[in-house]
Amino acid sequence: MRAHSKRLKYPAIALAVGLLTACQSPAPVAPSTPPSIIFMVGDGMGFEYISAYRYAHSELGAEALTPTVFDDLLVGAATTYPDDDTWVTDSAAAATALATGVKSYNGAIGLDTQQQPLTTMMEVAKQQGWGTGAVVSVQVTHATPAAFFTHHASRTMYDAIADSYAQQVSAGEWGFDVLLGGGQSHFVRDDKNWLPELTAQGLHIATEIEQLNQLQHTPVLGLFAPLALPHSIDAEPQLAAMTTQALRLLQQQQQSTGKPFALMVEGSLIDWCGHANDIACAVHEVADFANAIKVVLEYQQQHPNTLVVITADHSTGGLTLGQGGEYAWYSDKVMGIKASLEVMTRGLLTRQPSEFRDYLSPLLNLPLTEQQWQQLEAVQVPDELRGRARQMPHGKVLVEIISAHTRTGWTTTGHTAVDVPVLAIGPGAEKFRGYQDNTEIAKLLLSIMQQQ
């Protein structure tokens with residue numbers, strides 16, 4: 001493996017293996033006992049993202065590619081289209097399909113096309129006394145986790161989604177047992193601060209990931225950022241560490257109740273990097289997701305009555321490895337980039353054009369031409385742009401420069417309708433083989449959950 005691959009930061013692997021090894025295995029289960037289900041979603045992770053991750057970790061000219069955690073798990077592919085006037089889904093419709101087995105319109109959170117509530121996988125699990133949980137690297141109020149636990153007409157109703165989580169108590173139990181990610185700003189608002197009230201009601205709340213080590217009982221709500229967690233290229237990756245803790249807590253609950261659990265884990269920020277057409281960011285996010293998969297596979301090996309299913313809700317960006325007619329993709333240049341476009345463009349807004357070269361050179365590690373530097377220095381940010389939109393003019397030019405040097409291609413800043421991978425291991429994994437619709441994945445999982 002090239003030395004550059006060491007730049008990816010995975011301190012969570014040693015922690016994850018140690019914590020999961022320390023967990024006591026539950027008593028042997030009868031063959032008819034439904035397996036616990038770990039459903040992993042790489043948001044925006046089409047096949048091309050896995051290819052980019054694989055090539056970025058392989059030595060050009062070596063006899064073989066470096067193996068990845070995805071390789072032996074692949075069993076099929078899935079379509080992703082919504083029940084809408086388009087073939088291209090958004091994350092809400094896709095998550096609703098994956099959580100309920102029913103297609104809906106773009107923007108729908110756990111509702112059908114008539115805006116009627118659909119029964120979600122997590123609701124079925126709760127009805128049967130299972131443990132439930134979700135781990136994400138964006139807000140827990142974002143489209144994918146929300147569609148597994150709540151019902152809303154629009155994915156943009158973030159505060160209302162937070163309110164649903166906060167009031168989701170049935171028969172004395174919370175609707176979730178472990179919910180970890182970002183989104184604290186939707187629970188702590190000018191009009192409402194849920195945290196003191198939830199704590200008084202017995203919900204264990206963590207605002208720092210390190211606090212999870214001290215928690216021994218569910219239910220747990222972890223809110224580790226105002227919105228999304230930082231990109232993995234910019235900070236210590238956390239998805240594997242959060243997944244480790246969620247598995248520990250759910251297994252301890254399982255030892256007490258004797259019931260399986262259902263956990264959804266999302267590599268959320270792959271999608272955000274795709275929307276930004278940020279190839280270095282994307283490779284690091286796929287690596288973070290792969291790191292979480294390793295944690296889950298370690299758990300599955302120790303607890304064989306666990307079904308692991310991995311897929312993507314859609315692909316994002318129209319990523320191609322090679323562009324402009326040149327038969328090349330320079331993974332070494334991709335892996336030499338030290339920061340996300342989010343960080344770089346934010347930094348440019350605080351600097352004068354004369355400072356751009358000193359600031360960007362160590363972050364890009366690319367031999368920009370004089371013309372490229374002048375193009376970047378000439379960017380004008382319209383006064384009417386507000387918030388993150390002010391970063392877009394510089395970001396557009398940086399994408400063009402990075403793409404030219406790495407030969408990375410993008411066709412859109414939105415989603416695409418291409419098929420996505422399906423991977424599985426554990427009891428019932430063979431049922432996911434072949435070509436299927438995304439709703440079939442949910443239907444299969446629901447049938448497995450309901451077997452007696």
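The values are calculated or read from the model by the stated rules, or taken from the named source; none is laboratory data. Values in this document were obtained by computation on a predicted structure and should not be read as measured data. So basically every Cβ, Gly included, is an ideal-geometry build from the backbone, and we count neighbours across all protein chains shown.
Assigned by TED's automatic domain parsing to the domain that holds Gln245, in a loop (DSSP other than H, G, I, E, B) and at pLDDT 95 or above: does that describe Met40? Walk me through it before giving the result.
Working: assigned by TED's automatic domain parsing to the domain that holds Gln245: yes; in a loop (DSSP other than H, G, I, E, B): no; at pLDDT 95 or above: yes.
Judged against the criteria, Met40 is not a match.
May I ask you to verify whether Gly317 is at positive phi and under 20 Å from the mean Cα position of the chain (by Cα)? Reasoning before the result, please.
Working: at positive phi: yes; under 20 Å from the mean Cα position of the chain (by Cα): yes.
Considered against the rule, which asks whether it is at positive phi and under 20 Å from the mean Cα position of the chain (by Cα), Gly317 comes out as yes.
If a residue has to be part of a loop (DSSP other than H, G, I, E, B), crowded, with 24+ Cβ neighbours inside 10 Å, small (Gly, Ala, Ser) and in contact (Cβ under 8 Å) with a residue 24 or more places away in the chain to count, how many in the stretch 78-122 make the cut?
Total meeting the criteria: 2.
What number of residues within the stretch 139-184 are of a type in the set (Lys, Arg) and modelled with pLDDT under 95?
Counting residues in the stretch 139-184 that are of a type in the set (Lys, Arg) and modelled with pLDDT under 95 gives 0.
Can you go through Thr345, Thr350, Thr369 and tell me which one is within 25 Å of the chain's Cα centre (by Cα) and among the hydroxyl-bearing types (Ser, Thr, Tyr)?
One residue alone meets the criteria, Thr345.
Residues that are modelled with pLDDT of 95 or more, in the same structural domain as Thr257 (by TED's automatic domain parsing), of a type in the set (Phe, Trp, Tyr) and closer than 27 Å to Gly428 by Cβ: does the stretch 80-90 have at least one?
Yes, that holds for at least one residue.
Kindly check whether there is at least one residue in the stretch 262-270 that is in contact with a helix residue (DSSP H, G or I) (Cβ under 7 Å, 6 or more places away or on another chain), assigned to a helix (DSSP H, G or I) and surrounded by fewer than 23 Cβ atoms within 10 Å (Cβ to Cβ).
No, the stretch 262-270 has no match at all.
From the list Asn277, Asn193, exactly one residue is over 28 Å from Leu98 (Cβ atoms) and either out of contact with any Leu (no Cβ under 6 Å at 6 or more places or on another chain) or free of Cβ contacts under 8 Å to residues at least 60 places away in the same chain (or both). Which is it? Break it down into steps so the answer makes sense when it comes.
Values: Asn277 fails: over 28 Å from Leu98 (Cβ atoms).
Selected residue: Asn193, the only one of Asn277, Asn193 that is over 28 Å from Leu98 (Cβ atoms) and either out of contact with any Leu (no Cβ under 6 Å at 6 or more places or on another chain) or free of Cβ contacts under 8 Å to residues at least 60 places away in the same chain (or both).
Regarding Thr132, is this residue farther than 27 Å from Trp410 by Cα, in a strand (DSSP E or B) and modelled with pLDDT of 95 or more?
yes
Please identify the pairs in which a residue from the stretch 302-330 that is in a loop (DSSP other than H, G, I, E, B) has its Cβ atom under 7 Å from the Cβ atom of a residue that is at pLDDT below 95 and aliphatic (A, V, I, L, M), counting only partners at least 6 apart or on another chain.
Going by the 7 Å Cβ cut-off, the qualifying pairs are Asn305/Val29.
Return yes when Leu221 is over 17 Å from the mean Cα position of the chain (by Cα), surrounded by 15 or more Cβ atoms within 10 Å (Cβ to Cβ) and at pLDDT 95 or above and no when it is not.
Here the answer is yes, as Leu221 does meet what is asked.
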